[in-house]
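Written out below as structure tokens is the structure these notes cover.
The values are calculated or read from the model by the stated rules, or taken from the named source; none is laboratory data. Note that this is a predicted model, so its numbers are computed, not measured. Don't worry about glycine lacking a Cβ; one is built from the backbone with ideal geometry, like all the others, and counts go over all protein chains shown. All accessible areas refer to the heavy atoms of the entire protein, side chains included, with ligands and DNA or RNA removed. Shrake-Rupley method; radii C 1.70, N 1.55, O 1.52, S 1.80 Å.
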Amino acid sequence: MLPRGEDVARGALRVSGLSVHFGGLVALSEVSLDISAGEVLGVIGPNGAGKTTLFNVICGFVAPREGDVLWRGHSLRRTPTHRRASLGIARTLQGVGLFPALSVLENVMAGADHRRRSGLLSGLLGLPRADRDESELRAIASTMLERLDLAEVAQRLPDSLPYALQKRVALARALVCEPQLLMLDEPAAGLDSGDIARLRELISELKGSMAVMLVEHRIDVVTELCDRVAVLDFGRLIASGPPEAIKSDPKVLEAYLGAEQPYA
Amino acid sequence: MTAVAHLIARLEAARAGWLRLPRQTLARHLVLAVGFGLAFYVLSVYISPYRDSQLATAAYYFTALVGLTVLTGLNGQLSIGHGALMAIGAYATVLLIGRAHFALVPTLVAVTVITATAGGVLGAGAARLRGPYLAGATLALAVGLPALADGYPGTFGGDNGLTVAPPTPPASLGLSFPLTRWEAWIAGVGALVAFVVVANLLRGRAGRVFRAVRDHEVSAQLVGIPVARTQVLAFTLSAACAGLAGGLYVVVNQLAAPGAFQLSLSLSLLTGVVLGGLGTLGGAVWGALALVFLPAWATNLSHAISLPTNVSSNLPLALYGIALAGGMLLAPRGIQGALGRAGQWLGVRLRKSTSNEEGSDEQDHK
């Protein structure tokens with residue numbers, strides 16, 4: 001396992017020359033970008049630009065045809081998805097993706113699962129070591145729920161909660177992994193203005209403590225929160241830079257508006 | 001109503017006090033197992049030898065259903081081949097006792113390990129399959145494996161199968177001690193061991209992980225759960241229970257023959273776990289009782305009604321099917337789910353009536 005908590009000032013994650021094809025469809029084409037520790041990188045682009053595919057490659061759900069994903073200088077090519085969580089990579093899904101039969105507390109405990117120490121035999125025999133592990137996981141998950149104001153719904157099933165709370169539980173489950181890279185896939189989708197304001201606060205709090213990759217259609221959210229923005233269009237990286245520069249980039253405007261000049 | 005409410009209040013107080021189970025997992029489940037064991041013992045002593053044999057049958061069905069509870073109920077993998085896994089356990093038991101002259105307890109341990117290993121191998125293949133494809137693969141196992149006995153009659157005894165001597169009750173129990181009661185005790189102990197191990201596993205991380213994989217494989221991987229390995233583990237554990245159930249089947253019936261492990265057994269097990277309540281150990285108890293008593297009840301009913309032979313011979317199956325369909329319509333979460341809901345409803349009603357009475361008492365006092 002790679003060491004965690006080490007100083008990785010630059011290049012926490014580096015994506016180099018990534019190409020993904022689905023049959024004849026080019027989902028990503030020679031995409032290269034990197035993200036530093038503590039940085040918030042926005043990934044934007046029209047629908048079908050390849051944003052979620054990029055996330056899927058980084059998580060290991062999709063194998064690239066060409067290129068590689070480097071995490072702290074090590075290739076993730078042979079690292080299965082489930083092991084990437086223990087390397088410090090966490091992600092939320094476009095929907096909520098919670099486990100419907102598990103309570104909110106159990107959902108978040110599942111997020112901290114890779115931090116367990118006891119093995120299968122301890123579990124089979126119900127040994128105190130397994131109980132201690134469970135107690136620790138419960139305490140960690142409860143702390144996370146309190147941090148995100150979810151303690152009151154800890155014993156509820158996810159489906160009984162409003163959508164905004166479900167999304168917050170999904171975020172709690174990702175954060176309890178203690179990620180060094182948090183990938184948020186459209187976290188503001190389906191939220192009202194109050195919930196979005198709260199989400200902004202939360203991501204602002206995370207800034208500096210971990211790298212955050214944010215796929216989001218709300219440009220105001222991206223502009224406010226992101227240090228840099230990468231823009232994809234038809235699987236290609238067409239621009240990358242500070243949000244203000246991106247907003248006036250002609251290529252970006254063309255991708256979004258289909259015109260070469262911005263509207264007056 | 002008041003007396004019932006007071007009784008329930010006292011029971012709740014006892015549950016919070018001296019009846020409270022230990023918090024430590026192993027101690028908790030050992031206490032439960034001792035309680036269930038005592039109930040089983042008392043029941044076995046007071047019922048007839050025939051009922052003892054039914055109790056023994058329920059115990060080995062329960063053991064197999066515990067395995068299916070893990071696999072299908074908690075991990076979402078559909079198996080129509082558990083009868084075949086029981087067959088592996090049964091044949092291994094007969095061979096180990098009859099030919100290798102193993103004692104009973106080491107034999108049951110060995111067959112559990114053997115079947116778990118077979119289950120692990122099957123599980124590795126099953127982890128690549130989903131839904132109807134997995135069901136189809138396990139169906140092939142249920143159909144194909146018992147047929148192996150015909151292919152190797154020298155080893156497996158062909159159609160007639162292999163027999164073994166019945167277990168001998170200790171002399172200290174007396175010469176007139178019913179054999180069926182002794183068999184029921186052995187099967188009961190086997191069932192309790194399966195209960196303790198699986199209950200331990202489900203109360204902790206494994207139960208959560210199994211359900212997480214069942215409910216959302218993508219999210220499970222994202223939080224660091226190895227989905228395929230978890231599915232293989234569930235299959236292995238489930239097969240171990242089926243193997244032990246097969247061993248207990250031999251203890252009760254002294255026989256391992258292809259006819260006993262046909263596809264119908266696998267389907268019955270699946271029926272039992274669904275009827276009892278998927279995913280709960282309580283459901284496995286109800287499922288086992290249903291598998292023993294429902295066909296017997298259907299047969300008795302068909303005998304009680306004077307019908308032509310060709311109708312009465314098929315009536316038990318029809319009644320069995322009707323009971324199953326009716327049960328699913330009335331209680332989609334099985335017997336355990338229905339009892340849980342009934343308990344909740346009753347609890348709410350009693351609490352309401354108690355609070356109303358307290359309210360009227362206060363008014364009278366004023």
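Quick notes on this one:
- Rolling a 1.4 Å probe over the protein heavy atoms of region B:23-262, with every protein chain left in place, gives an accessible area that is 69 percent carbon and sulfur.
- Range in chain A, longest, excluding exposed GluC sites (Glu not before Pro) [loop by DSSP; at most 13 other beta-carbon atoms within 10 Å]: A:7-259
- Heavy-atom accessible surface of residue B:210, to the nearest 10 Å², is about 0 Å², with a 1.4 Å probe and all protein chains retained.
- A simple rule links phi to the HN-Hα coupling: the Karplus curve 6.51 cos²θ - 1.76 cosθ + 1.60 with θ = phi - 60°, which for region B:281-297 gives 5, x, x, 5, 5, 4, x, 5, 5, 5, 5, 7, 8, 5, x, 5, 5 Hz, with x for Gly and Pro.
- In nm, spacing of pseudo-spin labels at residue B:341 and residue B:263 (7 Å Cα→C-beta vector): 3.2 nm
- Computed over region A:99-177: relative contact order in percent, which uses C-alpha pairs under 8 Å that are six or more apart: 49 percent
- Take region A:120-188 with all the other protein chains still there, run a 1.4 Å probe, and you get 44 Å² of accessible area per residue.
- Near the amide H of residue A:176, within less than 5 Å, lie no amide hydrogens of residues on another chain or at least 5 residues away, with H placed in the peptide plane.
- The mean number of Cβ atoms from other chains found within 10 Å of a Cβ in peptide B:194-206 is 4, as a whole number.
- Whole-percent carbon and sulfur share, accessible surface of chain A, 1.4 Å: 52 percent
- Remark: relative contact order (chain B) = 29 percent; criterion is Cα-Cα distance under 8 angstrom and separation of 6 or more residues.
- Over the protein assembly as shown, dividing the summed -39,500 (n - 2.57) contributions of all DSSP H runs of at least 4 residues by the number of residues returns a 222 nm mean residue ellipticity of -19000 deg cm²/dmol.
- Spatial separation of Cα centroids for region A:141-186 and region B:113-133, in angstrom: 34 Å
- Couplings 3J(HN,Hα) of region A:34-50, computed from phi: 9, 9, 8, 4, x, 8, 10, 10, x, 10, 10, x, x, 4, x, 6, x Hz, in residue order, whole Hz [Karplus 6.51 cos²θ - 1.76 cosθ + 1.60, θ = phi - 60°; x for Gly and Pro].
- Partner lysines for residue A:51 [C-alpha distance under 20 Å; skip if fewer than 8 residues away on the same chain]: A:167, A:247, A:251
- Comparing the full protein assembly with the isolated chain (1.4 Å probe, heavy atoms, ligands and nucleic acids excluded), the residues of region B:221-263 losing at least 40 square angstrom of accessible area are B:221, B:222, B:223, B:224.
- Relative packing of B:235-248, A:15-28, which averages over residues the other C-beta atoms within 10 Å, highest first: B:235-248, A:15-28
- Residue B:304-residue B:36 pseudo-label distance in nm [points 7 Å out on the Cα-to-Cβ vector]: 3.1 nm
- Computed 3J(HN,Hα) for region B:20-28, one whole-Hz value per residue from the Karplus formula 6.51 cos²θ - 1.76 cosθ + 1.60 where θ = phi - 60°, is 5, 6, x, 7, 5, 4, 5, 4, 4, glycine and proline marked x.
- Of the residues in region A:56-96, those shielded by at least 30 Å² of accessible area once partner protein chains are present, compared with the chain alone at a 1.4 Å probe, are A:61, A:81, A:82, A:93.
- DSSP beta bridges in region A:1-118 [antiparallel fraction, %, rounded to 5]: 100 percent
- A crude spin-label estimate for the pair residue A:26 and residue B:160, with each label 7 Å from Cα along the Cβ direction, gives 7.5 nm.
- Rounded to the nearest 10 square angstrom, residue B:345 shows an accessible area of 150 square angstrom against a 1.4 Å probe.
- Near residue A:213, the amide H atoms lying under 5 Å from its own belong to A:41, A:182, A:183, A:184; only residues 5 or more places off or on other chains count, and H is placed 1.01 Å from N.
- Per residue, the solvent-accessible area of region B:23-262 (1.4 Å probe, heavy atoms of protein chains only, all protein chains present) comes to 40 Å².
- For the chain pair A and B, buried accessible area totals roughly 2500 Å², probe 1.4 Å, rounded to the nearest 100.
- Choice from B:348, B:94, B:251 showing the highest fluctuation, given a GNM over chain B with Cα pairs closer than 10 Å: B:348
- Amide H partners (placed H, <5 Å) of residue B:77, local residues excluded: B:72
- Counting, for every residue in A:122-135, the Cβ atoms of other protein chains within 10 Å of its Cβ and taking the mean gives 6.
- Separation between Cα centres of region B:138-164 and region B:294-314, rounded to whole Å: 31 Å
- Relative contact order %, region A:144-204, counting alpha carbon pairs below 8 Å whose residues are six or more apart: 31 percent
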